[in-house]
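The values are calculated or read from the model by the stated rules, or taken from the named source; none is laboratory data. This one's a predicted model, so the numbers in the text were calculated from it and none came from an experiment. Here the Cβ positions follow ideal geometry from the backbone for every residue, glycine too, while neighbour counts run over all protein chains shown.
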Amino acid sequence: MGQDGKKRQVAEAAFEKVRHLLDSETPIGIGTGSTANCFIDVLAESKIDILGVVASSKATEERLGHYGIELLDLNATGILPVYVDGADEADPKLNLIKGGGAALTREKIIAEASVQFVCIADDSKRVDILGQFPLPVEVIPMARSLVGRALVELGGDPEYRQGVLTDNGNLILDVHGMSITDPKGFELAINQIPGVVTCGLFAKRPADTLLLASDTDILEFSRDA
Ligand code: 5RP
């Protein structure tokens, strides 16, 4: 099965997993990227009447809007029962690298504000140690060089993502050459550099459930297992 087929299948599996939470009174969170898009498609096709969605990016807001799904403000909803989103890498403890689509900051906010974070991906995203995928870091524009030097000191090789501005008006540095054996410590270290908005490591708040599509199956991993 191709990657597109896997993304659709894992989106369908996520829909079944969270279906009991979908009703006209309950807000949910949805992330950004091609796999999250598949989840939006499945949700829209189901025609279930849901209250609405807190979206992690303008792109996701547009897709939801296209389907006529209500957009909600996290400040008004408070804690969400569930957040569904993709990832660029996931390790065995369900620590993640996210931000390939430059939406990492809003994704981290919604993940933190959610009781359950269901991460969906194809099986190419599963790794033993995070870092093969360049780690995205959202940076305030005037701090680009300062943060770049600090990331080099932490052992990385940062690359400015040309032509990309985040939904918050900031830049992305993608950090290459990392083998992240202490995701929580590294997340904290990067987030303390002045000028960093946040990095794409989700270790302080990892996923609770990881659904991975293989050629034949949907594999389910739980953080508590
Ligand atoms: C966006 C993200 C995405 O979840 C991540 O890039 C995975 O995207 P895709 O589902 O297209 O592979 O973190 O910022």
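Mind telling me which of the residues Val82, Val10 ends up being within 16 Å of the ligand (Cβ to nearest atom) and in a strand (DSSP E or B)?
Every option except Val82 fails the conditions.
Against the condition closer than 20 Å to Ala111 by Cβ, in the same structural domain as Tyr83 (by TED's automatic domain parsing) and modelled with pLDDT of 95 or more, how does Thr209 come out, does it pass?
Yes; evaluated as a whole, the condition is true for this residue.
Being in contact with a strand residue (DSSP E or B) (Cβ under 9 Å, 6 or more places away or on another chain) and assigned to a helix (DSSP H, G or I) is the filter here; which residues of the stretch 38-53 pass it?
Within the stretch 38-53, Cys38, Phe39, Ile40, Leu43 qualify.
If you scan the stretch 119-162, which residues turn out to be more than 21 Å from Ala87 (Cβ to Cβ), of a type in the set (A, V, I, L, M) and surrounded by fewer than 16 Cβ atoms within 10 Å (Cβ to Cβ)?
Scanning the stretch 119-162 gives Met142, Leu146, Val152, Leu154.
I'd like the residue in the stretch 16-36 that is crowded, with 21+ Cβ neighbours inside 10 Å and outside any loop (DSSP other than H, G, I, E, B) and, out of all such residues, is farthest from the ligand (Cβ to nearest atom).
So in the stretch 16-36, the residues crowded, with 21+ Cβ neighbours inside 10 Å come out as 27-33, 35-36.
Then drop every residue that is not outside any loop (DSSP other than H, G, I, E, B), which leaves 27-30, 35-36.
On the way: Pro27: 20, Ile28: 16, Gly29: 12, Ile30: 11, Thr35: 3, Ala36: 6 Å.
So, considering only residues that are crowded, with 21+ Cβ neighbours inside 10 Å and outside any loop (DSSP other than H, G, I, E, B), the one farthest from the ligand (Cβ to nearest atom) is Pro27.
What number of residues within the stretch 85-127 satisfy the criterion of being near the ligand (Cβ under 10 Å from one of its atoms) and on the phi > 0 side of the Ramachandran plot?
Here the count works out to 2.
With respect to Ala59, determine if the residue is of a type in the set (A, V, I, L, M, F, W, C), under 16 Å from Ser34 (Cβ atoms) and in a helix (DSSP H, G or I).
Spelling it out, Ala59 is indeed of a type in the set (A, V, I, L, M, F, W, C), under 16 Å from Ser34 (Cβ atoms) and in a helix (DSSP H, G or I).
Return the residues of the stretch 19-74 that are out of contact with any helix residue (DSSP H, G or I) (no Cβ under 9 Å at 6 or more places or on another chain) and not acidic (Asp, Glu); say none if nothing qualifies.
His20, Leu21, Ser24, Thr26, Lys47, Lys58, Gly65, Leu72
What number of residues in the stretch 163-213 are among the aliphatic types (A, V, I, L, M), within 17 Å of Ser56 (Cβ to Cβ) and surrounded by fewer than 22 Cβ atoms within 10 Å (Cβ to Cβ)?
Selection size over the stretch 163-213: 3.
Just checking, how many residues over the stretch 39-58 are without any contact (Cβ under 8 Å) to a residue 60 or more places away in the chain and within 16 Å of the ligand (Cβ to nearest atom)? Reasoning before the result, please.
We begin by selecting, within the stretch 39-58, every residue without any contact (Cβ under 8 Å) to a residue 60 or more places away in the chain; these are 40-56.
Applying the additional criterion that residues be within 16 Å of the ligand (Cβ to nearest atom) yields 40-43, 53-56.
Looking only at that region, the number is 8.
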